[in-house]
Amino acid sequence: MLVTVVVMVGALAGATGVAIGLLALRNARASVEECLDALARRSAVEGAVDSKAIRDVAVYRYDALEEMTGRLSFSVALINGFGDGVVLTSINGRSETRTYVRSVYGGRGGQPLSPEEEQAVRAARLGLGPEVEPPRARRPWSVTAR
């Protein structure tokens, strides 16, 4: 009896997973078609698009150091249609500023990128720029006695 119930629950879970996967695939295909239509309309109006030209830009501002607030540090991603480009980072402190630049190839850093640099590159690739807000810090849940 228990084995039958477990088999039936497993089969139901598997069928549900397949159905969810098929819905996700249908939605993904619709999104791809929508993007292709938008690109076709854009190229009809603007002509051919140069994929090597910088087209995606995003600025990610943040507080890199506890001593400096006001989101004065930043990472700027400048990316072309192939996902190649650079990410420029400036870490601002009270007495000095450090600036770094890293190459990006296919949306990935030629050298390891900091989380902030990755955010800037991701935002540029997704077209979320020009300025991206950092994720808000979550407050820990507090339990109050009643």
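Structure values in brief
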| item | result |
| --- | --- |
| Looking only at the range 93-138, and only at residues there that are in contact with a Gly (Cβ under 9 Å, 6 or more places away or on another chain) and part of a strand (DSSP E or B), the one that is modelled with the lowest pLDDT | ARG108 |
| In the range 55-74, the residues that are within 16 Å of GLU133 (Cα to Cα) and basic (Lys, Arg) | ARG61, ARG71 |
| Of residues in the range 82-133 being within 27 Å of GLU66 (Cβ to Cβ) and of a type in the set (Asp, Glu), the one surrounded by the fewest Cβ atoms within 10 Å (Cβ to Cβ) | GLU96 |
| So ALA77, is it over 20 Å from PRO130 (Cβ atoms), at pLDDT 85 or above and either within 25 Å of the chain's Cα centre (by Cα) or among the acidic types (Asp, Glu) (or both) | no |
| Residue list for the range 25-64, restricted to those being surrounded by 11 or more Cβ atoms within 10 Å (Cβ to Cβ), at pLDDT 80 or above and either at positive phi or aliphatic (A, V, I, L, M) (or both) | ILE54, VAL57, ALA58, VAL59, ALA64 |
| Residues (among the charged types (D, E, K, R) and part of a helix (DSSP H, G or I)) located in the range 45-68 | GLU46 |
| Options ARG42, ARG71; residue that is part of a helix (DSSP H, G or I) and under 22 Å from ALA124 (Cα atoms) | ARG42 |
| Check on GLY83, on the phi > 0 side of the Ramachandran plot, in contact (Cβ under 8 Å) with a residue 12 or more places away in the chain and outside any strand (DSSP E or B) | yes |
| Whichever residue in the range 65-80 is open to solvent by 30 Å² or more (accessible area, probe 1.4 Å) and touching a residue at least 12 places away in the same chain (Cβ under 8 Å) and, among such residues, is nearest to PRO115 (Cα to Cα) | PHE74 |
| Selected residue (only one of GLY127, GLY107 is at positive phi, in contact (Cβ under 8 Å) with a residue 40 or more places away in the chain and within 20 Å of the chain's Cα centre (by Cα)) | GLY127 |
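The values are calculated or read from the model by the stated rules, or taken from the named source; none is laboratory data. Since the structure is predicted, the reported quantities are computational estimates derived from the model, not experimental observations. Don't worry about glycine lacking a Cβ; one is built from the backbone with ideal geometry, like all the others, and counts go over all protein chains shown. Note: accessible area is taken over every heavy atom of the protein model, side chains too, but ligands, DNA and RNA are not part of it. Shrake-Rupley method; radii C 1.70, N 1.55, O 1.52, S 1.80 Å.
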